[in-house]
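Asks: Provided herewith is a single structure, encoded as structure tokens, for subsequent inquiry.
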Amino acid sequence: MEKSKSGPVSNTVVLSLCFAVCFVALIHVEIELHAHRQVLQVLNQQREENLELLNSTREKTIDSVLQSDSDKGE
């Protein structure tokens, strides 16, 4: 019986294909992570803006209440 040379070649091809698939999957995961990081950055920025607006509104409300209390006391 002769050994065919297709055995080692096919193993090398299969190994190369596995490596290529893993590499493509890794790139896909990195792209997805990058997109999620950008979304989180935008959401955090919006949250900070909303907190600043809320704090500003609270300060104005407190100032108006204190002002009305001081007007009543005079």
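Asks: With θ set to phi - 60°, apply the Karplus curve 6.51 cos²θ - 1.76 cosθ + 1.60 along the stretch 42-58 and write out the HN-Hα couplings as whole Hz, x wherever there is a Gly or Pro.
Replies: For the stretch 42-58, the Karplus curve yields 5, 5, 5, 5, 5, 5, 5, 5, 5, 5, 5, 5, 5, 5, 4, 5, 5 Hz.
Asks: Then there is this: Can you compute the charge dipole magnitude of the chain about its Cα centre, using +1 on each Lys and Arg Cβ and -1 on each Asp and Glu Cβ, nothing else charged? Give it in debye, rounded to the nearest 20.
Replies: 820 debye
Asks: Here's something else I'd like to know. Short version: ³J(HN,Hα) in whole Hz for each residue of the stretch 21-37, in order, from phi by Karplus 6.51 cos²θ - 1.76 cosθ + 1.60 (θ = phi - 60°), x for Gly and Pro, what are they?
Replies: After applying 6.51 cos²θ - 1.76 cosθ + 1.60, I find 5, 5, 5, 5, 5, 4, 4, 4, 4, 4, 5, 4, 4, 4, 4, 5, 5 Hz.
Asks: Can you tell me the convex hull volume per residue for the stretch 31-74, based on C-alpha atoms, in Å³ to the nearest whole number?
Replies: 26 Å³
Asks: Just one of [x] 12.4; [y] 19.0; [z] 18.6 is Kirkwood radius over Cα pairs in Å calculated from these coordinates, so which is it?
Replies: Matching the structure shown: [z].
Asks: Considering the chain as a Gaussian network with a 10 Å cut-off on Cα pairs, which listed residue, VAL21, VAL39, VAL13, attains the greatest mean-square fluctuation?
Replies: Among VAL21, VAL39, VAL13, the largest mean-square fluctuation in the Gaussian network model of the chain belongs to VAL13.
All of the numbers you see were taken from the coordinates with simple rules; none came from a lab. Computed from a predicted structure; not experimentally measured. All Cβ positions, glycine included, derive from the backbone under ideal geometry; neighbour counts span all protein chains shown.
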